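What follows is calculated from the coordinates using simple rules that are stated; it is not laboratory data. Note that the coordinates shown come from a computational prediction; the quantities given were computed from them, not determined experimentally. Positions of Cβ are backbone-derived with ideal geometry, glycine not excepted, and every protein chain shown enters the neighbour counts.
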Amino acid sequence: MPLPQDIRPVFQDIQDTLVTSDAPWIEQSPLSKVKVLWVGRETGTWASLHHWKKGYAAPPHKHLAGAHVYIISGKLQVRTGTLNAGDYVYEPSGVLHDETKAIEDTTYLFICNGAVLFFDENGFTRYTNWEVMERLRAQAAAAPRAEAAE
């Protein structure tokens, strides 16, 4: 029986996203790496896993959209509190943070609905958004994997 209307996607590149457990981590610094799980260019939302070594500190920042954080392992010092493994926090748009610090090796899931603006005492230093995450993902995908070269 034919459908009463055409329900095929307008954009043929729409598909499920699968990131396997062996997908590489992208090193951002010696103490910080990320695994980009998903980028939603139509909404500006992205999902990523972050792994921070003990002592890593993200600089002061402001969330320009809401974000969900789930601590998988470790502990983060956030404002005046500590987030432990199993903790979840929703950070609404407009939340302002001083530095956020890993007080032990920490892995967390981050789902963000828009940009995050980083700053220091002199002003704006950088931002992160879905486009930054997509560039990181694309660069990592284009880089030859060490095991492929052997």
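Axis angle, to the nearest 10 degrees, between helix 130-142 and the longest C-alpha principal axis of the chain: 80 degrees.
Magnitude of the charge dipole for segment 26-149, about its Cα centre and with charges confined to Cβ atoms of Lys, Arg (+1) and Asp, Glu (-1), is about 200 debye.
Where does the charge balance sit around Val19 when Lys and Arg score +1, Asp and Glu -1, over other residues with C-beta under 10 Å from its C-beta? The partial results should precede the final answer.
On the way: positive: Lys35, Arg137; negative: Asp22.
In short, +1.
Projected label points at Val10 and Glu27, each 7 Å from Cα along the beta carbon direction, are separated by 4.3 nanometres.
Maximal additional length on extending the Val19-Lys62 stretch stands at 12.7 nm, based on 0.36 nm per residue less the C-alpha distance.
Need the full-extension length gain, Met1 to Glu42, defined as separation in residues times 0.36 nm minus the C-alpha distance. One decimal, nm. Don't skip to the end; give the middle numbers.
Working: separation 41, 0.36 × 41 = 14.76 nm, distance 3.26 nm.
Taking Met1 through Glu42 to full extension adds about 11.5 nm, to one decimal.
Local charge sum around Ala115 (other residues, Cβ-Cβ under 10 Å, Lys/Arg +1, Asp/Glu -1)? Show your work: numbers first, answer last.
On the way: positive: Lys62; negative: Glu131.
Taking every other residue near Ala115 into account, the sum is 0.
In plain terms, if you count all Cα to Cα distances in segment 26-149 and split them into 10 Å steps from zero, the share in each step is 13, 43, 35, 8, 1 percent.
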